[in-house]
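The values are calculated or read from the model by the stated rules, or taken from the named source; none is laboratory data. Remember, it's a predicted structure, so these values are computed and weren't measured experimentally. Don't worry about glycine lacking a Cβ; one is built from the backbone with ideal geometry, like all the others, and counts go over all protein chains shown. The accessibility values were calculated without ligands, DNA or RNA, using every heavy atom of the protein model including side chains. Shrake-Rupley method; radii C 1.70, N 1.55, O 1.52, S 1.80 Å.
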Amino acid sequence: MKRWLYATSLCMMLAASANAESAYKIATVKVSSIFQQLSQREMLSKQLEKEFNGRAIDLQKQETALQSKMQKLQHDSSIMQDNDRANMEKEIMAQRDAFLQKAQAFEEDNRRRQTEENNKLLIRIKDAVSIVAKNKGYDLVIDANAVAYSSALNDITAQVLKQVQ
């Protein structure tokens, strides 16, 4: 009986120490909120707008010219000869195809650049989360959008925002 009590108490002590060691200090952070509040985001938006402004203006001019030709064709098609109308239709189709290709390339380039720059900001946020977590002694930091509930006491969003800016 003495051995059994000794073994039981030893198991209980081991279990208690295992629970104490496995308790993690966990925090939450609202990454999307930080991202939206960054002042660098506005500067980035203006920079990308400048970068793509020339191409956007060219596309607008090309679209206006295309619309103008289409209106002319609609207006004058009844008085045009069949051969002239067919040539104009081919020309409009070729211009439309060129415009669509340019517009698609523009959109892809713009989206790619935005993604690149946003990823740079997200890396800065991640680094700031790591710094704050280490300074505060957190073992685990979870995005607040990924959990159903968390206490506001463990939210480090404000500290991370300060760290990033």
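Below are the figures for this structure:
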read-out: Average Cα contact separation per residue, the chain, under 8 Å, 6 or more apart, as relative contact order %; value: 49 percent
read-out: Longest segment of the chain lacking chymotrypsin sites (Phe, Trp or Tyr not before Pro) that sit in a DSSP loop with at most 13 other Cβ atoms within 10 Å; value: 25-148
read-out: Volume in Å³ per residue [convex hull over Cα atoms, computed for the chain]; value: 203 Å³
read-out: Note, ³J(HN,Hα) from phi for the range 54-64, Karplus 6.51, -1.76, 1.60, rounded to Hz, x at Gly and Pro; value: x, 5, 5, 5, 4, 5, 5, 5, 5, 5, 4
read-out: Size of electric dipole in the chain: Cβ of Lys, Arg +1 and of Asp, Glu -1, about Cα centre, debye, nearest 20; value: 1000 debye
read-out: For VAL141, residues with placed amide H under 5 Å, excluding near neighbours; value: ALA27
read-out: Candidate aspartates and glutamates for bridging to LYS30, where Cα separation is under 12 Å - those fewer than 8 sequence places away on the same chain excluded; value: ASP143, ASP155
read-out: Greater than 28 Å apart at Cα, pairs in LYS25/LYS46; LYS25/LYS162; LYS50/LYS102; LYS46/LYS134; LYS46/LYS90; value: LYS25/LYS46; LYS46/LYS134; LYS46/LYS90
read-out: Sequence-separation-based contact order of the range 55-142, relative, with Cα cut under 8 Å and 6+ spacing, percent; value: 29 percent
read-out: Å² per residue, accessible surface of the range 95-137 at 1.4 Å; value: 69 Å²
